[in-house]
Amino acid sequence: MGALDLYLKQVAAFVEERRRDGRQVRAFQCDGDPQQLRQGLPVRVGPGANAGLILRADTFAELGSPDAGSSAFPLWTRDASLLTDGRITLIGPGIRESEGASLPFGQVLMIGGTELGDEEHEALEQNQYVADQIEGYMIRSTPGRMWSRVGRDAARRGFDFDVLGQALMILFKSAIPQIEAMEVLFLTSGKEDLQQLNGIAEQVRTIGTLIARNAWLARGYDILECSLGVDCRSCSDKPTCDDIRDVVKIRKKKLRKKADA
Amino acid sequence: MSTDNHPELVRYRSEREWFKLLHSQVKDSDVPEHQLAERTLTFCLDMYNRIIACVEEGDPFVATYYCSAPELCTAMDLPWYMVMQTPFLASSVPYLLDDIDSAEAMGLGSDLCTAIRLSIYYIEANLSPIPSCIVGLLYPCDGAPMLHQVIQHNSKWRDIPMFNADPPYWDDDRSLDYFAAELRKMAQFLEQHTGRKLDMDKLKEAIEESNKQFALWQEYNELRRAVPSPHGWDLGGSQCFSVTQCYRAGQKGGTDWFRKLIEIAEHKVANKIGAVEKERIRLFWFDLLPFGWIFDLLPWLEQEWGAVMVMDMFGNYPYTLIDTSSEEQMWRDLAKRNLFDAPMIRQARGVADNFVNDIARIVKDYKIDVVIWPGHMGHKDGSATIGIMRETCRKLKVPFMSLGLDLFDRRYATPDQLKEKMSEFFRAMGLG
């Protein structure tokens with residue numbers, strides 16, 4: 001069982017719970033093949049597809065603003081059979097029925113592939129932020145948040161979460177060939193649901209940081225802690241550290257004397 | 001009251017004169033960017049005037065740092081200045097190199113960060129306004145506490161109460177709660193030593209105003225993603241930072257300043273007007289700008305190479321909306337903004353993860369052609385992550401260049417040496 005498999009089950013349970021609670025839950029099934037996915041899409045997908053910025057005046061709807069809240073994370077597993085390739089689930093209202101709205105936004109990308117490993121984790125994290133690769137869709141450049149804008153023109157042409165989901169599948173499958181299956185969950189139903197999803201996100205993030213650390217360790221770097229001086233006896237900075245310790249000792253002694261006097 | 005009675009104001013008054021001179025050069029300009037600069041300089045002069053008046057009248061004021069929740073001082077109507085002000089805000093003053101030499105003549109090692117060295121010199125030479133109390137900064141670098149130690153031993157400063165918020169290492173909830181409690185202690189400290197009271201309604205008001213400023217700053221940053229970028233090194237991050245942290249934190253004037261900034265940038269983006277006539281290289285300068293000799297390098301980069309600084313470390317201040325619905329949440333979000341989001345503190349205080357993620361995000365979002373780590377001689381902590389930054393850039397397939405310079409002293413690596421180095425690098429990488 002992979003480190004994140006448990007959370008795939010938690011996400012599935014989360015969706016079922018929302019369904020039971022009477023939220024509007026819609027599912028779309030599309031072909032998992034990137035070439036097939038491109039057919040019939042109302043917007044272009046790929047590097048440079050979104051040529052310009054989406055300015056405030058050109059915005060049809062905003063997703064995940066700091067006011068509305070956002071939560072986004074990827075989940076990956078080596079057991080692709082845990083996923084239904086090409087499935088997109090939406091909890092809450094869609095984009096085209098939300099003109100002028102600022103919706104809360106949750107996005108979970110569930111990815112499977114027998115060859116996936118720690119090394120791909122960082123790429124999955126970073127690829128969530130699609131920069132200029134989806135026409136009519138702009139993720140704002142602020143870390144730790146999935147805050148995006150959908151342009152008026154794109155919405156008019158039919159851009160909605162099914163399109164966004166397909167675009168993400170195209171981009172991920174093209175960038176990371178080890179991906180065999182991919183599912184996407186979007187959530188716009190409200191802050192309370194988002195909070196619940198964030199509970200899962202936080203645990204995933206903690207594990208994700210450790211996975212990224214392992215990948216960096218394999219390349220010879222520790223991104224979390226300085227581990228250069230694991231063994232003081234072999235560290236070239238030892239004399240400096242010894243000097244500092246001596247100075248601290250002298251200083252403490254002086255302070256003690258002062259206090260006693 | 002004359003300067004003779006307050007020798008510690010000599011430099012402060014000279015700086016004010018310098019800024020007055022700069023102000024006079026832009027005050028009647030029709031150029032929108034100059035008009036904005038005029039506002040920035042007016043804010044700056046207001047700060048100088050307020051501090052000088054406090055010294056002369058004996059009113060309370062604080063010496064503090066950037067990213068120490070300046071909204072608190074706004075809410076308490078408490079004038080403040082940044083202890084390391086000269087190297088950052090007034091580094092264009094013509095006597096900066098003489099002051100660096102004087103600092104060395106005092107025996108301060110030339111391997112110590114020049115910003116800290118200069119600030120120590122200004123304390124020891126009695127050239128900094130002596131405040132009612134001090135808020136120090138134990139992060140992001142280990143060098144800053146040396147300045148605090150000098151303050152504690154200087155005969156004129158040693159009796160001034162000092163508070164240093166203790167920064168946790170990790171970026172988790174426990175750290176956030178801990179730092180929020182530190183900020184509360186800081187507020188109590190300010191009340192105790194200035195006689196001003198913190199009215200929570202006023203704090204809420206200041207924070208709501210600063211929320212607007214940060215939202216507008218974020219909006220402005222989106223505009224810098226445009227190709228060509230509407231502005232380069234001469235307008236952007238540094239000014240946004242000083243307005244939100246030093247001049248108009250949580251004040252309406254600052255919000256209006258941001259609105260004007262966006263208006264100018266939106267016009268340029270809509271008309272595809274860039275910072276230079278032909279933008280050929282989009283730079284991410286991952287540190288402070290070389291404030292001490294900025295005019296010797298950055299205009300040359302634009303003119304010679306069409307190289308536009310699209311983003312820099314201090315322009316990238318992630319937007320955290322501070323939730324003012326409850327007092328507890330307000331302190332917590334304030335802690336997040338000042339500990340996790342604040343530039344340089346964000347990268348150099350704790351884990352190296354932010355170096356990786358910030359580079360990855362900015363390179364993609366801003367269509368960056370080259371990442372430059374200037375390698376300021378004082379930023380040894382950051383330089384320890386050069387390998388990680390290089391590796392990140394390699395994966396992103398974007399050239400990475402580490403320079404090695406002193407942001408304040410042009411003699412450490414001269415502008416000519418740097419121009420040669422950068423030109424060689426750009427040529428080798430096929431840029432421009």
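None of the figures in this text is laboratory data; all of them are computed from the coordinates on show. These numbers were taken from a predicted model, which means no experiment stands behind them. Because the Cβ atoms are built from the backbone with ideal geometry, glycine has one as well, and the counts that use them run over all protein chains shown.
Annotations for the structure displayed:
- The GNM of chain A, with springs linking C-alpha atoms under 10 angstrom apart, assigns the highest mean-square fluctuation among A:ASP242, A:ASP21, A:ASP85 to A:ASP242.
- Relative to the longest principal axis of the Cα atoms of chain A, the long axis of helix A:5-20 makes an angle of roughly 50 degrees.
- Tensor-based shape of segment A:5-218 (alpha-carbon gyration tensor, a/c under 1.5 rounded, otherwise prolate or oblate): rounded
- 0 to 90° range, to nearest 10: angle between helix B:327-336 axis and chain B longest Cα axis: 50 degrees
- Converting phi to 3J(HN,Hα) with the Karplus coefficients 6.51, -1.76 and 1.60 and the offset θ = phi - 60°, segment A:240-245 yields 5, 4, 4, 4, 4, 4 Hz in sequence order, with x at every glycine or proline.
- Amide H to amide H, with H built 1.01 Å from N, A:ALA101 comes under 5 Å of A:GLU62, counting only residues 5 or more places away or on other chains.
- Gyration tensor verdict on segment B:373-432 (Cα atoms; rounded if a/c is under 1.5, prolate if a/b is larger than b/c, oblate otherwise): oblate
- Of all DSSP-defined beta bridges confined to the protein assembly as shown, some 35% are antiparallel rather than parallel.
- A cut-off of 5 Å between modelled amide H atoms, ignoring neighbours fewer than 5 places along the same chain, links B:ILE281 with B:ALA307, B:VAL308.
- Simple spin-label estimate for B:ALA53 and A:ASP58 in nanometres, 7 Å along Cα-Cβ: 4.6 nm
- Think of it as helices only: each DSSP H run of n ≥ 4 in chain B is worth -39500 (n - 2.57), and spread over all residues that comes to -16000 deg cm²/dmol at 222 nm.
- Comparing B:HIS231, B:HIS376, B:HIS267 in a Gaussian network model of chain B (Cα springs below 10 Å), the most mobile by mean-square fluctuation is B:HIS267.
- ³J(HN,Hα) computed for each position of segment A:79-86 - Karplus, 6.51 cos²θ - 1.76 cosθ + 1.60, integer Hz, glycine/proline x: 9, 5, 5, 6, 10, 9, 4, x
- Folded to 0 to 90 degrees: helix B:114-124 orientation relative to chain B principal axis, Cα: 20 degrees
- C-alpha center-to-center spacing [segment B:325-356, segment B:55-122] in angstrom: 23 Å
- Label-to-label distance, nm, for residues given as B:LYS272 and B:LEU396 (7 Å Cα→Cβ offset): 2.7 nm
- Within the same chain, aspartates and glutamates fewer than 8 places from A:LYS254 are excluded, and of the rest, those with a Cα less than 13 Å from its Cα are A:ASP246.
- If you run the Gaussian network model on chain A, springs between alpha carbon atoms under 10 Å, then out of A:LYS249, A:LYS191, A:LYS238 the most flexible one is A:LYS249.
- Gyration tensor (alpha-carbon) shape descriptor, chain B, a/c threshold 1.5: rounded
- The string of couplings for segment A:99-112 from the Karplus curve (6.51, -1.76, 1.60, θ = phi - 60°) is 4, x, 8, 10, 8, x, 9, x, 9, 10, 9, 10, 10, x Hz, one whole number per residue in order, with x for Gly and Pro.
- In segment A:81-163, chymotrypsin sites (Phe, Trp or Tyr not before Pro) in a DSSP loop with at most 13 other beta-carbon atoms within 10 Å: none
- Expressed in units of 2.2 N^0.38 Å, where N is the residue count, the Cα radius of gyration of segment B:3-197 is 1.08.
- Counting other Cβ atoms within 10 Å as a rough exposure proxy, the listed residues A:THR77, A:THR114 run A:THR114, A:THR77 from fewest neighbours to most.
- Only helical runs count toward this figure. For chain A, summing -39,500 (n - 2.57) over DSSP H runs of n ≥ 4 and dividing by all residues gives -12500 deg cm²/dmol at 222 nm.
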